Amino acid sequence: MIVSPSVLSCDFGNIERDVKMLHSSDAQWIHIDVMDGVFVPNISFGFPVLEVIRKHTDKVLDVHLMIENPDNYLVNFKNSGSDILTVHIEACRHLNRTISAIKELGMKAGVALNPHTPVSALEEVIKDLDLALIMSVNPGFGGQKFIHSSIDKVKKLAQLIQEKKSNAIIEVDGGVNLETGLELKKAGAQALVAGSFVFGSANPVETITRLNNL
Ligand code: DX5
Ligand code: ZN
């Protein structure tokens, strides 16, 4: 299982320490939540913070854009060190164009679905994707309750990926812990984002290992 701890739940006064902790852990990716206060009702952080994270780790930076008009910033995200760039389907009018632009810049392309968006919305693009992200909470905040119908969406996505012979990785984000993580794994998830569960635990490094071994 790929584990992608979310820095949204880290201690921003000690971001260097926390990124170094993630770097030393079994986490394969580091999840970075960018929020603009328009697409979601919260604002997180932007390029300077991403650059600080990049400076302290060479792990895969898994960047989740919860912003309107992501096309305007693709180059900035590349230059700030993003490896995987995931946009929301609900924020993209010309999704095919956006996916191509992300790949042309040398990043892996991901598309995220809000809880209300059906998996079928990915039918025409799944073959072009490196990653498909199922949101198992409404995006905007860490520490929310897992929406259980997400399990079914993961199963549907796994089926779509098989049908279309896509190589997209299935990632799930929101309310992940050891219990929901295990259910998600059984349903077909290959990457799990975890914020509050990792940073709220007594030993984050050990928690990451446990998720990794699910
Ligand atoms: C929510 C973000 C998540 C968040 C997950 O909008 O996309 O990545 O950090 O936090 P937890 O794991 O606490 O639900
Ligand atoms: Zn996220």
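The values are calculated or read from the model by the stated rules, or taken from the named source; none is laboratory data. All of these numbers come straight from a predicted model, not from anything done at the bench. No Cβ is skipped: glycine too gets one built from the backbone with ideal geometry, and neighbour counts run over all protein chains shown. All accessible areas refer to the heavy atoms of the entire protein, side chains included, with ligands and DNA or RNA removed. Shrake-Rupley method; radii C 1.70, N 1.55, O 1.52, S 1.80 Å.
Things worth noting here:
- Between N138 and E51, the modelled label-to-label distance comes to 3.5 nm, taking each label 7 Å out from Cα in the direction of the beta carbon.
- Measuring with a 1.4 angstrom probe and ignoring ligands and nucleic acids, D26 comes out at about 70 Å² accessible.
- Helix-only [θ]222 nm of the chain, DSSP H runs n ≥ 4, -39500 (n - 2.57) each, per residue, nearest 500: -9500 deg cm²/dmol
- Region 93-146, accessible area per residue, ligands and nucleic acids excluded (1.4 Å, Å²): 49 Å²
- For K103 and N42, the FRET efficiency from 1/(1 + (r/R0)^6), where r spans their Cβ atoms and R0 equals 41 Å, is about 0.90.
- A 1.4 Å probe, protein heavy atoms only, puts the accessible area of E163 near 120 Å².
- Relative to the current alpha-carbon distance between M1 and E16, full extension at 0.36 nm per residue lengthens the span by 2.9 nm.
- Accessible-area composition of the chain, carbon plus sulfur, in percent [1.4 Å probe]: 49 percent
- Note on region 119-185: the alpha carbon radius of gyration divided by the globular reference 2.2 N^0.38 Å gives 1.12.
- Averaged per residue, region 160-199 has 43 square angstrom of accessible surface, using a 1.4 angstrom probe with ligands and nucleic acids left out.
- Full-stretch length increase - V75, K145 - with 0.36 nm per residue and alpha-carbon distance subtracted: 21.8 nm
- The Cβ shell under 13 Å around S4 holds other residues with a net charge of -4, Lys and Arg each +1, Asp and Glu each -1.
- Local net charge near D36, Cβ-Cβ under 15 Å (Lys/Arg +1, Asp/Glu -1): -4
- On the beta carbon distance between E206 and D58, with R0 = 22 Å, the FRET formula returns roughly 0.45.
- Alpha-carbon Debye profile of the chain, log10 I(q)/I(0) at 0.11, 0.12 Å⁻¹: -0.46, -0.55
- Accessible surface for region 48-91, divided over its residues, is 40 Å² per residue with a 1.4 Å probe.
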